[in-house]
Each structure stands twice: as structure tokens, then as C-alpha cells.
1. Could you look through segment 150-199, keep only residues that are in contact with a strand residue (DSSP E or B) (Cβ under 9 Å, 6 or more places away or on another chain), away from the ligand (no atom under 12 Å from the Cβ) and under 22 Å from N289 (Cα atoms), and pick out the one that is modelled with the highest pLDDT?
2. Any idea which residue in segment 81-110 is farthest from the ligand (Cβ to nearest atom), counting only those that are assigned to a loop (DSSP other than H, G, I, E, B) and within 21 Å of the chain's Cα centre (by Cα)?
3. May I ask you to verify whether N286 is over 19 Å from the mean Cα position of the chain (by Cα) and either over 20 Å from P108 (Cα atoms) or of a type in the set (D, E, K, R) (or both)?
4. Could you pull out every one of the helices (runs of 4 or more DSSP H) wholly within segment 255-337 that has 1 or more residues that are without any contact (Cβ under 8 Å) to a residue 60 or more places away in the chain and within 16 Å of the ligand (Cβ to nearest atom)?
5. For segment 125-149, give me the residue count where each residue is assigned to a helix (DSSP H, G or I) and modelled with pLDDT under 95.
6. Can you say whether S64 is assigned to a strand (DSSP E or B), surrounded by 22 or more Cβ atoms within 10 Å (Cβ to Cβ) and either touching a strand residue (DSSP E or B) at 6+ places or on another chain (Cβ under 7 Å) or not basic (K, R) (or both), as far as the supplied structure shows?
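The values are calculated or read from the model by the stated rules, or taken from the named source; none is laboratory data. As the structure is a prediction and not an experimental result, all values here were calculated from the model. Here Cβ is always computed from backbone atoms with ideal geometry, including for glycine, and neighbour counts include all displayed protein chains.
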Amino acid sequence: MYSTNLMERKEDLKSSSGEVDNSSKDEFQELLQTLEQRLNWDGQRLIKYNGFWLLEVLFRPMLSAQNNFKAKDTDVILSTMPKSGTTWLKALTFSIANRRLFTIDQSPLLTSSPHTLVPSLEFNVYWEQENPDLSNIPSPRIFATHMPFNILPDSIRESDCKIIYICRNPLDQFVSHRHFLLENKIGKEADPLDVDEAFDMFCQGIHPCGPFWDHMLGYWKAHLENPGKVLFLKYEDLKEDITSQVKKIAEFMVFPFSPEEEEQGLIDHITRLCSFESLSNLAVNNTGNINGLVKNSSFFRKGQVGDWTNYLTPAMAERIKKLMDSKFGNSGLMFKI
Ligand SMILES: Nc1ncnc2c1ncn2[C@@H]1O[C@H](COP(=O)(O)OS(=O)(=O)O)[C@@H](OP(=O)(O)O)[C@H]1O
């Protein structure tokens, strides 16, 4: 039922020009030629589309999702910028949604990566024709995406499906992302940019799914306009009080914990199972890789708030603070530094 082959499209994930349909491939190549492109810090190509820098490897799948994904009213879409708490949110929402199907000691999370259990929206839709199981995923279907709000498939915005967004202090997100890219050596360049140059690009908004401020503000404004549709979470808040955040997520998913479940300690069991310490110690998460590209262990580095202080200077933090002041303005969105 929770097919592991949803994420196993290995060869084609290495290129955004997989063999699917030649006419759409030509259109895609034509579009690509009209768009601004840059190399990311590590040498991966970024494409600028609708104001956002998208990784080339994700760009065609994102367009395919935009065109083909048909959201159901019962779907839950997890949306994030990379390195903002995606893996954690996948584990939590999967556990919340399926808590009546499995006991904690039978949880599929013990033997499957959260990234297998909650697949990427863009890659699934891209491969829908090869993946007839997509419609068989039990309700609520949970998908994850890194897409900015303004390029989500229309059916996500127009249906009654729910969106859960999580973001993170940009300094920690930058540090986490940089480690991930270096660890997996995904880019084509032998020598990735040094931290100062990479940070400078980050502050110009040139990074995967950047600018970070526009990615966050898109979901923040959507949340303010329709809080029943878009839940807006911060990684730091989950770290501070995971129990209340898990309750909030369950209520938002219209699957609140009953008093009996609370009495049985189910929330605690779920938060413990999904904690960094628990997940990172499981064999499925500390060995092997996804698609031959990304080490499973690289999704679990430190899981701490404020790790940026070990890598970035106070002057760098000040630059981000000024950037947030000017970009977030009086929107109500802010991160403590
Ligand atoms: N369960 C749990 N609890 C708390 N923190 C966790 C958890 N799982 C992963 N992490 C930390 O999240 C960072 C990875 O971010 P993402 O999961 O968004 O990465 S990805 O976008 O899916 O590639 C990365 O952060 P850093 O440690 O700061 O690099 C992970 O360690």
C-alpha cells in the first residue's frame, strides 16, 4: 500500500529531461531557453521561474505537477523550503493520519524512511503514468512539495485540501542546506563555493526555492487570508513545545486526538517516535540512500536550533536580520536571532 517505489525513479531523477513525452519535452526545452539560469553554491543549476530560483532537477517535475496534479479535498500537502523540517513534518503527519491503522511498535516509520512514506508531490505526478498506485493511497493522501505558493497546482488552492507549511530561521536553514549539499556532493562542480560566497548568494535570494523571504511570505499571507486552509509552522516552535504543536497539527488535519487517546499517552508516543534521536538511530535512516543520490543519514544531521552560531559570524546574522526587517516589514512574520 505504501509503495516504496514511489521514490525509486533513480536514473531520471539525475536529469530533468526524462523520457516521458517528446512534445512536452520540446516545449519544456523551449521554455528553459527563455529563463534566467545560475549555478547554485555547489554547481547545481538553478532556473528562475515566476520569481523563484528552482533546482533544475526539480523544475520539470514541478511544472508537471502544476499541470497534472488533481488534489482531492481530503489531501494534505506539506510544503517547505528544503532543510526547514520536511522530514520531521512527514513523520509526524504520517503518524497522526495513520495512528488507528498501526500501533507505535508496528509503525512503518520503523522500517521505511519518512521520505518513502510521504512522497514528493512533484516526482509522483511526473511519473503518474507509471504509477497507477497514486490514487490508491489511503485517505488522507499526504504529499510534500518545495513549490512556492504561487506556483502550486491550481487544484491545491481551489480544492478543500489542506496545506501545512513549515519554515525555519534562515541562518539555520542555510547552514543545514550547505551541509546537505556538501555531504551528498550533488553538484557537478568539484569545488563548491566557500561559505562567504554561498552566504552572499543566499542573501541575494539565489538558492534552491529562494528567495527565502518570498517563499515564506507566500505561505504566510495565504495563512493569514485563510487559516483553515494553510497552517503555518516554525521549526523552532516544534522544538520548543512539540506536544502542543502536534495537537495543533492533528486538529488542523481534522483528526484531533480524543481524550482517550490523550490519556493513553498517544501524543507522547508519536512525538517520541518522530523525534530526531529516535528516527536518526533507525537503520533505515542511517544507512543507504535515496535514488543513489542522497544519503538517508544526511536528512538527520544535528536537529538543533541555533547551530548557525558554529559556522556564521555575528555580522552575517546582522545581515540576515536587516534583510528580514526589510522584506518581512510589518507582515507579522519574524524569527528570533
Ligand atoms: N525528527 C526530527 N526532529 C528535528 N529535526 C529533524 C528531524 N529530522 C530531521 N531533522 C533536521 O531537519 C533538517 C533537514 O531538513 P529537511 O527535513 O527539511 O530536509 S529536506 O528538505 O527533506 O531535504 C536537518 O537539520 P540540521 O541538523 O540543522 O542540518 C535535520 O537534522
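1. Here the residue is G187.
2. Taking segment 81-110 first, the residues assigned to a loop (DSSP other than H, G, I, E, B) are 81-85, 98-103, 107.
Remaining after also requiring within 21 Å of the chain's Cα centre (by Cα): 81-85, 98.
Details: M81: 7, P82: 4, K83: 4, S84: 5, G85: 5, N98: 17 Å.
Across segment 81-110, the extreme among qualifying residues is N98.
3. Values: over 19 Å from the mean Cα position of the chain (by Cα): yes; either over 20 Å from P108 (Cα atoms) or of a type in the set (D, E, K, R) (or both): no.
No: the conditions fail for N286.
4. Values: elements: 259-263, 266-273, 276-280, 283-286, 314-328.
In segment 255-337, 266-273, 276-280, 283-286 are the helices (runs of 4 or more DSSP H) which contain 1 or more residues that are without any contact (Cβ under 8 Å) to a residue 60 or more places away in the chain and within 16 Å of the ligand (Cβ to nearest atom).
5. Taking segment 125-149 first, the residues assigned to a helix (DSSP H, G or I) are 125-126, 128-130, 132-136, 149.
Filter once more, keeping what is modelled with pLDDT under 95: 125-126, 128-130, 132-136.
Counting residues in segment 125-149 that are assigned to a helix (DSSP H, G or I) and modelled with pLDDT under 95 gives 10.
6. Details: assigned to a strand (DSSP E or B): no; surrounded by 22 or more Cβ atoms within 10 Å (Cβ to Cβ): yes; either touching a strand residue (DSSP E or B) at 6+ places or on another chain (Cβ under 7 Å) or not basic (K, R) (or both): yes.
The answer is no for S64.
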